[in-house]
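Participant: Starting off with a structure, shown below.
The values are calculated or read from the model by the stated rules, or taken from the named source; none is laboratory data. All of these numbers come straight from a predicted model, not from anything done at the bench. Here the Cβ is made from the backbone with ideal geometry for all residues, glycine too, and neighbour counts use every protein chain on show. Note: accessible area is taken over every heavy atom of the protein model, side chains too, but ligands, DNA and RNA are not part of it. Shrake-Rupley method; radii C 1.70, N 1.55, O 1.52, S 1.80 Å.
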Amino acid sequence: MEGFSLMKRLLLTFTVFFTFQTFSSAHASAENITGHWAYDTLMYSVENGILKGDEHNNLNPDKTITRAEYAATLVRALKLNNASATSSFPDVKKDDWFYNEVSIANTYQLIKGDDKGNFNPQKNISREEMAVILKRAVDHYSYPTEATSLTFNDTAKISSWAVNDVRSILSLGLMKGQDGNCLLYTSDAADEGL
């Protein structure tokens, strides 16, 4: 049953990531999402503490997602916690709104830094990075995956460091191609659907 619950949370999380941006610790209101095509998912995510809105209580649907926002939303969706978690990233400060969530994601080894040890929290996240982090979350729960074949028109553009994780996440149905049978986008992840 835990496997089903995990997959349900991961599917919801991935839907959230490809739909809108989330950030800060404010409580979101429904005012700026009324009529949005993902209204029900957005409201479920707000009501369950996955999305919290920005400093003005807005959810900001359809904007790009940063690495910090992705980590925070994933930690909330998976209900991960660790009161003693601390960040080892020099570019993640204790007064950052995402400090706790990024620290927890780091403690659970869902995220890693670049070659200089930075997390780059404000950088927009790519679909490749999302797949790698999501695969680490799946592995944390020892959920079985398979490597599926890649038949996208842009398969050759998928980075070698991400290709195996992309295959695994595709096999679980957590990611799919988009317009023109492409996995990657020249723009960052936003409003891409699941």
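Participant: Scan segment 47-62 residue by residue and report those that are out of contact with any His (no Cβ under 8 Å at 6 or more places or on another chain) and either without any contact (Cβ under 8 Å) to a residue 40 or more places away in the chain or within 24 Å of ALA137 (Cα to Cα) (or both).
Facilitator: GLU47, ASN48, GLY49, ILE50, LEU51, ASP54, GLU55, HIS56, ASN58, LEU59
Participant: Give segment 138-187 a look and list any residue that's in a loop (DSSP other than H, G, I, E, B), at pLDDT 90 or above and open to solvent by 50 Å² or more (accessible area, probe 1.4 Å), or say none.
Facilitator: SER160, TRP161
Participant: (1) touching a Leu at 6+ places or on another chain (Cβ under 7 Å); (2) at pLDDT 95 or above; (3) within 27 Å of GLY177 (Cα to Cα): which one isn't true of ILE104, the others all being true?
Facilitator: So ILE104 meets the others, but not (3).
Participant: Pairs only if they're at least six apart or on different chains, beta carbon under 7 angstrom, first in segment 166-183 and closer than 17 Å to GLU129 by Cβ, second open to solvent by 50 Å² or more (accessible area, probe 1.4 Å) and assigned to a helix (DSSP H, G or I); list them, first residue then second.
Facilitator: Close Cβ pairs (under 7 Å, with a partner that is open to solvent by 50 Å² or more (accessible area, probe 1.4 Å) and assigned to a helix (DSSP H, G or I)) amount to LEU174/LEU11.
Participant: Got at least one residue in segment 125-135 being open to solvent by 50 Å² or more (accessible area, probe 1.4 Å) and either within 16 Å of the chain's Cα centre (by Cα) or not basic (Lys, Arg) (or both)?
Facilitator: no
Participant: Within segment 15-46, take every residue that is modelled with pLDDT of 55 or more and assigned to a helix (DSSP H, G or I) and give me the one that is nearest to SER142 (Cα to Cα).
Facilitator: SER45
Participant: Output the number of the condition that GLY117 fails; it satisfies all remaining conditions of (1) open to solvent by less than 40 Å² (accessible area, probe 1.4 Å); (2) farther than 30 Å from SER160 by Cα; (3) out of contact with any strand residue (DSSP E or B) (no Cβ under 8 Å at 6 or more places or on another chain); (4) part of a loop (DSSP other than H, G, I, E, B).
Facilitator: Going through the list (1) open to solvent by less than 40 Å² (accessible area, probe 1.4 Å); (2) farther than 30 Å from SER160 by Cα; (3) out of contact with any strand residue (DSSP E or B) (no Cβ under 8 Å at 6 or more places or on another chain); (4) part of a loop (DSSP other than H, G, I, E, B), GLY117 breaks only (2).
Participant: Among the residues of segment 64-84, what is the count of those that are surrounded by 18 or more Cβ atoms within 10 Å (Cβ to Cβ) and either under 19 Å from ASP96 (Cβ atoms) or small (Gly, Ala, Ser) (or both)?
Facilitator: Residues meeting the conditions: 13.
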